[in-house]
Amino acid sequence: MYIYDSSSGRSVVSNLSGGGETEKKSWKNLFAYIGPGFLVSIAYIDPGNFETDLQSGAQYKYGLLWIILVASCAALVIQSLAANLGVVTEKHLAEHCKIEYPKVPNFILWVLAEIAVVACDIPEVIGTAFALNMLFGIPVWCGVLLTGFSTLILLALQQYGVRKLEFLIAFLVAIIAACFFMELGYAKPDAKEVLHGLFVPQLKGNGATGLAISLFGAMVMPHNLYLHSALVLSRKIPRSVRGIKEACRFYMIESAFALMVAFLINVSVISVSGAVCHSSNLNQHDQASCRDLDLNEASFLLKNVLGSWSSKLFAVALLASGQSSTITGTYAGQYVMQGFLDLRLKTWIRNFLTRCLAIVPSLIVAIIGGSAGAGELIIIASMILSFELPFALIPLLKFTSSKAKMGECVNSTMISAITWIIGSLIMGINIYYLVSGYIGLLLHSHLKLGLKIFCGILGFSCMALYISGIAYLVLRKNKEVSHLLALTTPGTHEIASESGNNNISSMFCLPREDIASMQLPQRNPGDLD
């Protein structure tokens, strides 16, 4: 790319694009972009994922592995679009929603986003409570209460540096991942059955559809779309056609690697659970555990590798998983509130409020239903995330498919087709499950006929409202144009020529202060070549 030098009256080659030398150096920049994708991927191996993985393996062996494969591929495409939106427009998804939609739809989207953050935090609360129970014998309901204090401890640790804390958490989670990989060698799942489960879609048995929705909801979470589109704003990105496209490509590569690691962990957990729980050598106690498998009973799956240490190490990794996911939930909540309402709270206040909202239902269920009920609540929370996904996904697809917002980086026809097919399948499965499940619930209930009719009218009215909300987002045309469109068109060099060679550095977009100040990793101006 050529930039006009006003001092010499001639064009010079910019280091932002073109040239074989620059092309060789550009791959060094990949390391400058690493971070957001891995932070987002933590949510793909949180306690909610472990719970749904364990139950799917125990109940259906390898029959639902294909859901993990489909969800991981869908997550890669969707998360890449979220990153692209932030890179190209310098605004994250919540900010675009506020600009694009009227007050009432915008308020509803904000409420749904906040519910998604709380639903994401519920598995972290319960997972932490289970970990405390395994480590110290603390009752689950008491552990739920203590999770509020664990949030404050986590925030205190963050003062020593987020990168150090993330490394520690990643190390602890990697330990449990290594244990499941080692257990795979002992359990020896049939390779043909595993491959069949990965590549042959099937939903057999009662509750398979609901668990499949939970698996998908635990993998592709709506709050992650807000999170990823904002996290990329903490990096310094060249404001040139080549620089922007390079950033989008590197973020996709980073996301692909991070999601591949999460995919392998989830597959290993399901495979171990399926192989062990369907083994003919299982004793009666372990058989009983498999019939009602939850995070509090899952440590026996690792006893062949770790022996008596299995429950303790599993608890440590579960605690790390829950607390690391709390980081992503806190950041997502901050961006959602800042984007929709232009309001920012102190991090500890925001984190504590979100955790309190998640503690209330978790505490009630833990007291009434015990650990089994708490495990079921994790599944329900994952299903809520799946049902809410269209309200974050559709705006993302509409924005990234709009040339008025994305300029030259608009989605290609093929990407648009793939993403809309993914979105349509998600919406179709959700609606089918809601309708069929509710009809079955009414038919098998012992309510009087009049009460059944009333519940039917109320329930289907809510479903109609749900479908109407989705239809509104799909059919409404985008009206707002990105104010940064000029920076993603061939006219970029004309803008640069007005400032001369002394301001070539202005071609870089510095990290947004309101994003970078949220305890996110800071980058020095010289980190990019």
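The values are calculated or read from the model by the stated rules, or taken from the named source; none is laboratory data. Note that the structure is predicted; figures quoted are calculated from it, not measured. For neighbour counting, all protein chains shown are included, and Cβ atoms are generated from backbone atoms with ideal geometry for every residue, glycine included. Side chains included, ligands, DNA and RNA excluded: accessible areas come from the protein's heavy atoms. Shrake-Rupley method; radii C 1.70, N 1.55, O 1.52, S 1.80 Å.
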For region 312-426: relative contact order, % (alpha-carbon pairs under 8 angstrom, 6 or more apart): 13 percent
Estimated FRET transfer efficiency when R0 is 35 angstrom, pair residue 73-residue 174 (beta carbons, to 0.05): 0.90
Accessible area, probe 1.4 Å, largest first, for residues 353, 76: 353, 76
Residue-span extension gain [residue 308 to residue 474] - 0.36 nm each, minus C-alpha spacing: 54.4 nm
Shape category assigned to region 349-468 from the gyration tensor of Cα positions, a/c cut at 1.5: oblate
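Suppose the chain between residue 460 and residue 249 were pulled fully straight at 0.36 nm per residue; how much longer would it get relative to their current alpha carbon spacing?
71.6 nm
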Residue 248 - accessible surface, heavy atoms, 1.4 Å probe, Å² rounded to 10: 20 Å²
Chain lengthening between residue 349 and residue 292 when straightened (0.36 nm per residue, less Cα-Cα): 16.9 nm
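In what order, largest first, do 141, 66, 420 sit by accessible area if the probe radius is 1.4 Å?
The residues order as 141, 420, 66, largest area first.
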Inter-label distance for residue 417 and residue 284, nm, one decimal - labels placed 7 Å from Cα along Cα-to-Cβ: 5.9 nm
Nearest-0.05 FRET efficiency for residue 481 and residue 424, computed from C-beta distance (R0 41 Å): 0.90
Accessible-area value, residue 414, 1.4 Å probe, nucleic acids and ligands omitted, Å²: 130 Å²
Relative contact order computed over region 44-128 (Cα-Cα under 8 Å; 6+ residues apart), in percent: 42 percent
Net charge of neighbours whose Cβ lies under 14 Å from the Cβ of residue 102, counting Lys and Arg as +1 and Asp and Glu as -1: +3
Filter on 236/479; 236/403; 204/398; 192/303; 91/403 - keep pairs with C-alpha separation over 27 Å: 236/479; 204/398
Nearest-10 value in Å² for the accessible area of residue 297, using the 1.4 Å probe: 70 Å²
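Students sometimes get this wrong: rank 446, 285, 196, 96 by accessible area, probe 1.4 Å, all chains present, largest first.
Descending accessible area places them as 446, 285, 196, 96.
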Cα gyration tensor category, rounded, prolate or oblate, for region 71-126 with a/c compared to 1.5: oblate
